[in-house]
1. In debye, nearest 20, what is the charge dipole magnitude of segment 56-95 about its Cα centre with +1 on Lys and Arg Cβ and -1 on Asp and Glu Cβ, if you could check?
2. So what's Rg/Rh here for segment 26-78, counting alpha carbon atoms and using the Kirkwood radius for Rh?
3. What ranking do 54-63, 191-200 get when scored by the average of other Cβ atoms within 10 Å per residue, highest first?
4. Can you tell me the relative contact order of segment 1-135? Whole percent, Cα pairs under 8 Å, sequence separation 6 or more.
5. Grab the alpha carbons of segment 55-169, take their convex hull, and tell me the volume per residue in Å³.
6. Each residue of segment 40-45 in order: what ³J(HN,Hα) in whole Hz does its phi give by Karplus 6.51 cos²θ - 1.76 cosθ + 1.60, θ = phi - 60°, with x for Gly and Pro?
7. On average, how much accessible surface per residue is there in segment 1-91, in Å², for a 1.4 Å probe, leaving out ligands, DNA and RNA?
8. For residue 200, go through the lysines and keep the ones whose alpha-carbon is under 18 Å away, minus same-chain ones fewer than eight residues off.
Amino acid sequence: MQEHADSAALRDLVEFNPETYSPKENWSAVSYIDTSALMLNDLAGLQHFNLAEEKLPARARRKVSNGDILYSTVRPNQKHYGLLYGLEPHMLASTAFAVIRPNDTIMSPLVYLALTDARITKTLQQLAETSTSTIPSIRPVDLERIAVLVPSDGCGNEIAAQIGTAFKQIDCHKRENRKLAALRDALLPKLMSGEIDVSKIDLMQLNSHLA
């Protein structure tokens, strides 16, 4: 990749926290990403709010879109970060995240890989520990100076696109696994209790494709 790319500062490639939700927009429902729901690019524990009956958490303000990167500004070494694809409508993230939106979506995976490099994590954690806030934290300005590889020719763009496709496939598989896990958790107690009877199923025929 380095043979087909130049280095640029993150501030020249992205917007930080580009959109903020206002209650005046009067959304009927919201899917909310808290910092605890996202770690190492695995989004689990998404919270759903019916705003006709429930009140949003005060921190639920950052709008997110496909290709955005969420990076927790609190204790970077805990690795609450992720690259977002396959988002639901009306999704918000906590203000404890920095929302990083590349100017060109093809750059999203490359920016994510740069931000999550172990050396960068160590540097950001050191900055957080020297901050004056009660909890070790960083600011968007601390992220702005991070160097990112930018494709400099057609080959570089092709590599970046392939990396993006891989991330999208990984996200798709993770979401499918969560659906299957939820189905398992719903069906297993009914199987164990006998509420669902499988005694007449021909398991040999069912598993014939495994031969």
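The values are calculated or read from the model by the stated rules, or taken from the named source; none is laboratory data. Small disclaimer: the values here were computed from a predicted structure and weren't measured. Cβ atoms come from the backbone with ideal geometry, glycine included; neighbour counts cover every protein chain shown. The accessibility values were calculated without ligands, DNA or RNA, using every heavy atom of the protein model including side chains. Shrake-Rupley method; radii C 1.70, N 1.55, O 1.52, S 1.80 Å.
1. On the way: 6 positive and 2 negative charges, 44 e Å.
So the magnitude is around 220 debye.
2. Values: Rg = 12.2 Å, Rh = 12.5 Å.
The Rg/Rh ratio comes out at 0.98.
3. Answer by packing, highest mean first, reads 54-63, 191-200.
4. In percent, rounded to a whole number, it is 28.
5. 116
6. Ordered by residue, 3J(HN,Hα) equals 6, 6, 10, 9, 9, x Hz.
7. 54
8. Candidates past the 8-residue exclusion: 190.
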